[in-house]
1. Enumerate the pairs (first residue in segment B:11-34 and free of Cβ contacts under 8 Å to residues at least 60 places away in the same chain; second residue anywhere and outside any strand (DSSP E or B)) with beta-carbon separation below 6 Å, excluding pairs fewer than 6 apart on the same chain, so at least 6 apart or on different chains.
2. For segment A:74-92, indicate whether the set of residues that are over 11 Å from the mean Cα position of the chain (by Cα) and at pLDDT below 95 is non-empty.
3. Identify all residues within segment A:32-71 that are among the aromatic types (Phe, Trp, Tyr), touching a Leu at 6+ places or on another chain (Cβ under 9 Å) and within 12 Å of chain B (Cβ to nearest Cβ); write none if there are none.
4. Please give the number of the condition B:Arg95 fails out of (1) at the interface with chain A (Cβ under 10 Å from one of its Cβ atoms); (2) under 24 Å from A:Ile50 (Cα atoms).
5. Restricting to segment B:39-78, count the residues that are within 14 Å of another protein chain (Cβ to nearest Cβ), of a type in the set (D, E, K, R) and touching a Lys or Arg at 6+ places or on another chain (Cβ under 8 Å).
6. Please go through segment A:82-112 and pick out each residue that is surrounded by fewer than 16 Cβ atoms within 10 Å (Cβ to Cβ) and either touching a Gly at 6+ places or on another chain (Cβ under 8 Å) or away from chain B (no Cβ under 14 Å) (or both).
7. Could you pull out every one of the strands (runs of 3 or more DSSP E) wholly within chain B that has 1 or more residues that are open to solvent by 10 Å² or more (accessible area, probe 1.4 Å) and charged (D, E, K, R)?
8. For segment A:1-15, enumerate the residues that are open to solvent by less than 40 Å² (accessible area, probe 1.4 Å) and either part of a strand (DSSP E or B) or among the hydroxyl-bearing types (Ser, Thr, Tyr) (or both).
Amino acid sequence: QQQVKQSPQSLIVQKGGISIINCAYENTAFDYFPWYQQFPGKGPALLIAIRPDVSEKKEGRFTISFNKSAKQFSLHIMDSQPGDSATYFCAPYYNQGGKLIFGQGTELSVKP
Amino acid sequence: EAQVTQNPRYLITVTGKKLTVTCSQNMNHEYMSWYRQDPGLGLRQIYYSMNVEVTDKGDVPEGYKVSRKEKRNFPLILESPSPNQTSLYFCASSRGLAGNEQYFGPGTRLTVT
């Protein structure tokens, strides 16, 4: 059961550019929408998250945009840096079942 | 330092030889979970635990067992490992329900030959 579709699978961006990663979901019961960042050899770590009562949340260079009617949310990385090179996962959550549903992941490479 | 630890970090074993991967957290978190990560599939939940003595199946529980006898520990047991269980495994914990920030361990890379 494919509940979450993340795109693109991989992304190459020049330093200073904007990286955009998208996540589409099916389950309207999701009520928490985080993005996790994973560096090679490490476990994922929470980057930024949004609740469905707001349409946008910004933390530094990272912004989540949330479109409830389209059942999509996206991660925008402004002024992308080589240190942002990592794999990014959307992982929406709903209370029933008590778990995050991870997307397939996007491997971001920021070229200097 | 607040952290989730896993041991071993790397393990190569043979089909059918029972093994245990340990997981421990020092943040007094109620919720703990095990995931496996495979290329192109993201992370899939194996088992989770809401609190001591409370465990439940995730999306891919077949071939795995867990126990939660103490709040800080949540071991993953493979009674009879098979090659399709070759994967990267992560333990995670969070305060309260999974909807709060989950803290992940460093991962255990398991190869079953």
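The values are calculated or read from the model by the stated rules, or taken from the named source; none is laboratory data. Every value quoted in this text rests on a predicted model; they were computed, and no experiment measured them. Cβ coordinates were reconstructed from backbone atoms using ideal geometry, including for glycine residues, and neighbour counts include every protein chain displayed. These area figures cover heavy atoms from the full protein model, side chains too; ligands, DNA and RNA do not enter into them. Shrake-Rupley method; radii C 1.70, N 1.55, O 1.52, S 1.80 Å.
1. Note: pairs meeting the criteria are B:Thr20/B:Pro75; B:Thr22/B:Pro75; B:Ser24/B:Arg72.
2. Residues of segment A:74-92 over 11 Å from the mean Cα position of the chain (by Cα): A:78-86.
In the following step, the residues that additionally are at pLDDT below 95 were identified as none.
For segment A:74-92, residues over 11 Å from the mean Cα position of the chain (by Cα) and at pLDDT below 95: absent.
3. Initial filter on segment A:32-71 (among the aromatic types (Phe, Trp, Tyr)): A:32-33, A:35-36, A:39, A:62, A:66.
Among the residues that remain, those that are also touching a Leu at 6+ places or on another chain (Cβ under 9 Å) are: A:32, A:35-36, A:62.
Scanning segment A:32-71 gives A:Tyr32, A:Trp35, A:Tyr36.
4. (1)
5. Total meeting the criteria: 2.
6. Answer for segment A:82-112, where residues must be surrounded by fewer than 16 Cβ atoms within 10 Å (Cβ to Cβ) and either touching a Gly at 6+ places or on another chain (Cβ under 8 Å) or away from chain B (no Cβ under 14 Å) (or both): A:Pro82, A:Gly83, A:Asn95, A:Ser109, A:Lys111, A:Pro112.
7. Strands (runs of 3 or more DSSP E) meeting the threshold: B:31-38, B:42-51, B:54-57, B:108-112.
8. Of everything in segment A:1-15, those that are open to solvent by less than 40 Å² (accessible area, probe 1.4 Å) and either part of a strand (DSSP E or B) or among the hydroxyl-bearing types (Ser, Thr, Tyr) (or both) turn out to be A:Val4, A:Gln6, A:Leu11, A:Val13.
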